[in-house]
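The values are calculated or read from the model by the stated rules, or taken from the named source; none is laboratory data. Source: prediction; values computed, not measured. Because the Cβ atoms are built from the backbone with ideal geometry, glycine has one as well, and the counts that use them run over all protein chains shown. Accessible surface is based on the protein model in full, side chains and every heavy atom, while ligands, DNA and RNA are left aside. Shrake-Rupley method; radii C 1.70, N 1.55, O 1.52, S 1.80 Å.
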Amino acid sequence: MAAGKAHRTWIIQRLTALLLIPLLIWFLFSMLQALPLGYMEARAWLSNPVNSVLFGVFIVILYHHAWIGMREVIEDYVHQPGLKQFSLLLLLIITILLVLISLHSLFSLYV
Amino acid sequence: MDKPQRPLSPHLQVYKPQLTSVLSILHRATGIVLSVSLVLLTYWLFALADGESTYTAIQSFLNSRLGTLVLFMLSWTLFYHLFNGVRHLLWDAGIGLELNTSYWTGYIVVAASLIITILLWWLK
């Protein structure tokens, strides 16, 4: 059995891709509902726990999938070792920040 | 110590583009565009949490002509990446790897992504 990080990454990329198929359909229908709403209605829509939990799950899975994809792009095109490691680290930091900001924004609607 | 710079055979300059290779790089390009668009998604959530004036600002951008164009192109990008992603998942399962199959599935992905995008925007 092919062990190692590359194998695990491959599996996670396919797993997140599969999960994103129904999640994206949900997301598109949700945005069709939510985008035309005004400020108070949009907040009300998103503070419905079904919507905000699904949105949170969607964010985590989507951003993980995007992170893996962008990692592969850096691995393929950045060859200078110092620059490559720096880019990968920067990518990780940016991804974590975006996830934290997104989840914090979702949770703040409950306070 | 510097490695000696050896000459490389021409590849991109000489190899004729084909549906397979073009759709492959397009999958990567759409993936990159979608990853960048996540900043916009995060900002939209942040704006909703931050307050009415922040939210109104981003909403009026999204409702403007430029914003609508951006969202239209992003949705087309998304549908292409999604449909071609399914084509990739089928390949991972060993399905559709024959050359003629990958050609007609490729045409379906391109056509479907454009048609679904137009349908979505026309019907919304």
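See the values below:
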item	result
All helices (runs of 4 or more DSSP H) inside region B:6-124 with 2 or more residues being in contact (Cβ under 8 Å) with a residue 24 or more places away in the chain, more than 16 Å from the chain's Cα centre (by Cα) and surrounded by 14 or more Cβ atoms within 10 Å (Cβ to Cβ)	B:99-123
Number of the condition not met by residue A:87 [criteria: (1) more than 10 Å from chain B (Cβ to nearest Cβ); (2) surrounded by 12 or more Cβ atoms within 10 Å (Cβ to Cβ); (3) of a type in the set (Gly, Ala, Ser); (4) over 25 Å from residue B:27 (Cα atoms)]	(4)
Counted residues, region B:49-69 - those being of a type in the set (Val, Ile, Thr) and touching a Ser or Thr at 6+ places or on another chain (Cβ under 9 Å)	0
Residue selected from region A:32-50 under the condition open to solvent by less than 20 Å² (accessible area, probe 1.4 Å) and within 20 Å of residue B:75 (Cβ to Cβ), by the criterion farthest from the other protein chains (Cβ to nearest Cβ)	A:34
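Okay, residues lined up against (1) surrounded by fewer than 16 Cβ atoms within 10 Å (Cβ to Cβ); (2) not polar (S, T, N, Q):
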| site | (1), (2) |
| --- | --- |
| A:15 | yes, yes |
| A:20 | no, yes |
| A:29 | yes, yes |
| A:58 | no, yes |
| A:63 | no, yes |
| A:76 | yes, yes |
| A:103 | no, yes |
| A:108 | yes, no |
